[in-house]
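See structure below.
Nothing in this text is a laboratory measurement; each read-out follows from the coordinates by a stated rule. The structure displayed is predicted, hence computed values, not measured ones. Don't worry about glycine lacking a Cβ; one is built from the backbone with ideal geometry, like all the others, and counts go over all protein chains shown.
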Ligand code: DGL
């Protein structure tokens with residue numbers, strides 16, 4: 001059986017990229033909802049419908065687990081999917097706890113989409129983990145648009161990030177949380193802007209660790225040759241140009257992995 005990774009678009013590849021390293025004998029499905037990306041600037045009702053449609057499709061694909069490699073979809077739709085379906089559903093939330101655990105005295109900047117930043121789930125997380133009020137939040141929706149058009153380190157990206165980060169005194173921060181899976185593509189551009197004291201924190205490793213734990217629990221880890229089948233909103237990707245785009249994204253993520 002297969003493991004599905006689902007995102008609104010190319011961001012989820014950053015989680016799959018890590019999973020490919022630690023699960024070399026699994027068959028993966030990667031589902032990018034390219035017809036509806038971006039999610040983060042739409043209404044929660046719209047995103048709930050998109051996620052429901054994606055799950056309907058994925059559950060017909062012989063999957064043993066679904067990783068919602070999207071903080072936005074997790075924020076508004078995962079609870080309902082878990083009520084509906086009885087298979088491991090692994091969601092993602094901005095790694096604010098991990099960031100606070102790493103330092104705990106300096107500030108933490110959580111970046112994500114507008115839905116995630118403003119959501120109830122984020123409020124609850126902050127209430128739970130940010131006892132000393134060290135966490136600030138910043139929505140960076142344009143990064144999703146840039147990533148989808150494979151624009152990662154142009155002057156426009158740098159200008160946008162500089163402008164958005166301008167109000168923050170970055171010398172007071174220990175980390176920047178990449179709370180949207182699309183943001184991993186911009187680590188080199190961000191690295192040039194951020195002072196050395198600011199580290200990147202993301203939830204990719206933790207998410208894959210949880211996936212492995214859940215599969216082990218069910219005795220469902222396999223020993224197949226690794227494979228990936230790609231889908232854009234329910235259509236299998238076979239166009240060589242699109243397959244090349246996906247490979248380029250994975251190659252970029254391999255570069256970002258070491259930053
Ligand atoms: N990659 C997604 C996330 O982690 C959402 C991007 C979007 O579609 O706005 O939140």
*Based on the mean of other Cβ atoms within 10 Å per residue, sort peptides 183-190, 23-30 so the most packed one is first.*
183-190, 23-30
*Regarding the stretch 97-210, what whole-number volume in Å³ per residue does the convex hull of its Cα atoms give?*
107
*Extent along principal axes [Cα atoms of the stretch 150-195; Å; largest to smallest]*: 32, 21, 14
*Under the definition of Cα pairs under 8 Å and six or more residues apart, what whole-number percent is the relative contact order of the stretch 1-127?*
28
_Compute the angle between helix 204-217 and the longest alpha-carbon principal axis of the chain, please, reported from 0 to 90 degrees and rounded to the nearest 10._
40
*Separation of the residue 159 and residue 128 label points, Cα + 7 Å toward Cβ, nm*: 4.1
*Could you work out the per residue convex hull volume over the alpha carbons of the stretch 1-130, in cubic angstrom?*
114
_Calculate log10 I(q)/I(0) of the stretch 74-123 for q = 0.16, 0.20, 0.29, 0.32 Å⁻¹, where I(q) comes from the Debye formula with a single equal point scatterer on each Cα and nothing for solvent._
-0.57, -0.78, -1.10, -1.19
*asked:* How much length would be gained if the chain were fully extended between residue 85 and residue 21, taking 0.36 nm per residue of separation minus their Cα-Cα distance, in nm to one decimal?
replied: 20.3 nm
*Between the stretch 31-97 and the stretch 182-243, what is the C-alpha centre distance in whole Å?*
15
*Round to the nearest 10 and give me the degree value, 0 to 90, for the angle of helix 240-257's Cα axis relative to the longest principal axis of the chain.*
50
*Length gain on complete extension for the stretch residue 257 to residue 62, per 0.36 nm per residue less the alpha carbon to alpha carbon distance?*
67.2 nm
_Rounded tilt (10° steps) of 155-165 against the dominant C-alpha axis of the chain_ = 60
*Relative packing of 51-61, 238-248, 90-100, 222-232, which averages over residues the other C-beta atoms within 10 Å, highest first*: 90-100, 51-61, 222-232, 238-248
*Report the percentage of all Cα-Cα pairs in the stretch 155-253 whose separation exceeds 17 Å, rounded to a whole percent.*
69
*Give the Kirkwood hydrodynamic radius (Å, one decimal) of the chain, defined as one over the mean of 1/r across all pairs of different Cα atoms.*
18.5
_Taking the Kirkwood radius as the inverse of the mean 1/r across Cα pairs, report the Rg/Rh of the stretch 53-163._
1.03
*Which FRET efficiency value, to the nearest 0.05, is calculated for residue 46 and residue 196 with the Förster distance at 41 angstrom and r the Cβ-Cβ distance?*
0.55
